[in-house]
Amino acid sequence: MAELSVLLVDDEPLARRGLRQALARHPDVTVCGECRDGREAVDAIHTLKPSLVLLDVQMPELDGFGVIREVGVTRMPAIIFITAFDTFAVRAFDMHAVDYLVKPFADERFDEALSRARQRLRQGEAVELGRKLAALLADTGHSAPVASPTEGESPRQDEHPSRLVVKVGARSVLVPVTDIDWIGADDYCVTLHVGDKEHVLRESLASLEARLDAERFVRIHRSVIVNVERIRELHHDSATEWVVVLNTGQRLRVSRSRREELERRLGRAR
């Protein structure tokens, strides 16, 4: 029986342990390495050259999509994406027919995804995988900008999530994107500020920014994204600092490098 070398990429130790246990039931599988973040994963893929990568989508600093972009779609091994329940991600994976597992997953679902990965490896679908990944990155906002449409073509309409799914214990809370006032980076997570409520989402700010509608949300600081519709005022707070004041009265600092873009966006919004 041919041996299948698998690389585990997940920032949660318990999740990696669970993947190891699931793979232990398959005698033809060898775990060639484990990675705690996207940067480690890029190096490990180049060095270990695994047959298959179990790749967590949401990781700090460099997420799963970022790993693919860094390695290159034509050089990526076979992939099974691992994700917390996220309607946007699942819709994208289904659209491009790539394998994924939603946490927590049953053994039967894991075995099914692993079986499909084996079949694709036997059939040598490297070129097809590269095509699917390139299309997936484009539709999730992680690739280079798409060329302008030629005359007579309709411009491509990007899909953006209308709701974000936040884990609260054993529950999944659906947060409408239009209800969000602002978003702040919080260590390896982000905090969604919705009125007087806060929801913590395990995703990097850069990854979330790429998924949100750029017409509605603008980054005003390296650690803050604001819903443009919630901004009431923009003014000097001191001789050198600018702030936005939201409808709630919340004051948020604007970095000097992002003020010009914010003013342009506010002018366009009006």
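Calculated FRET efficiency, Ser223 to Ser5, Cβ-Cβ distance, R0 = 41 Å: about 0.60 to the nearest 0.05.
Checking the a/c ratio against 1.5 first, then a/b against b/c, what shape does the Cα gyration tensor give for region 12-84? Oblate, because a/c is 1.5 or more while a/b does not exceed b/c. Simple spin-label estimate for Arg75 and Ala106 gives 4.0 nm between the two label positions (7 Å along the Cα-to-Cβ direction from each Cα). Surface composition of region 176-270: carbon plus sulfur atoms contribute 43% of the solvent-accessible area (1.4 Å probe, protein chains only, all chains present). Please report the carbon-and-sulfur percent of the accessible area for region 1-64; probe 1.4 Å, protein heavy atoms only, DNA, RNA and ligands left out. Carbon and sulfur: 50 percent of the exposed surface of region 1-64. A simple spin-label model places the labels of Thr191 and Leu14 2.3 nm from each other, with each point 7 Å out along Cα-to-Cβ. The modelled label-to-label distance for the pair Asp28/Arg122, using points 7 Å beyond Cα in the direction of Cβ, is 0.6 nm.
A simple count of charges around Leu54, restricted to other residues whose Cβ falls under 15 Å of its Cβ and scoring Lys, Arg +1 and Asp, Glu -1, yields -2. On full extension, the segment bounded by Glu263 and Glu233 gains 9.7 nm, given 0.36 nm per residue less the C-alpha separation. Solvent exposure of region 1-49, expressed per residue, is 56 Å² of accessible area, with all protein chains present and a 1.4 angstrom probe. Highest mean packing first, where packing is the average number of other Cβ atoms within 10 Å per residue, the peptides 57-68, 210-221 line up as 57-68, 210-221. Of the peptides 10-16, 32-38, 261-267, the ranking by mean beta-carbon count within 10 Å, highest at the top, reads 32-38, 10-16, 261-267. Rg and Dmax of region 169-270, based on Cα coordinates, read 13.6, 48 Å.
The values are calculated or read from the model by the stated rules, or taken from the named source; none is laboratory data. Since this is a predicted model, take the numbers as computed values, not measurements. Here Cβ is always computed from backbone atoms with ideal geometry, including for glycine, and neighbour counts include all displayed protein chains. Only protein heavy atoms, including side chains, enter the accessible area calculation; ligands, DNA and RNA are left aside. Shrake-Rupley method; radii C 1.70, N 1.55, O 1.52, S 1.80 Å.
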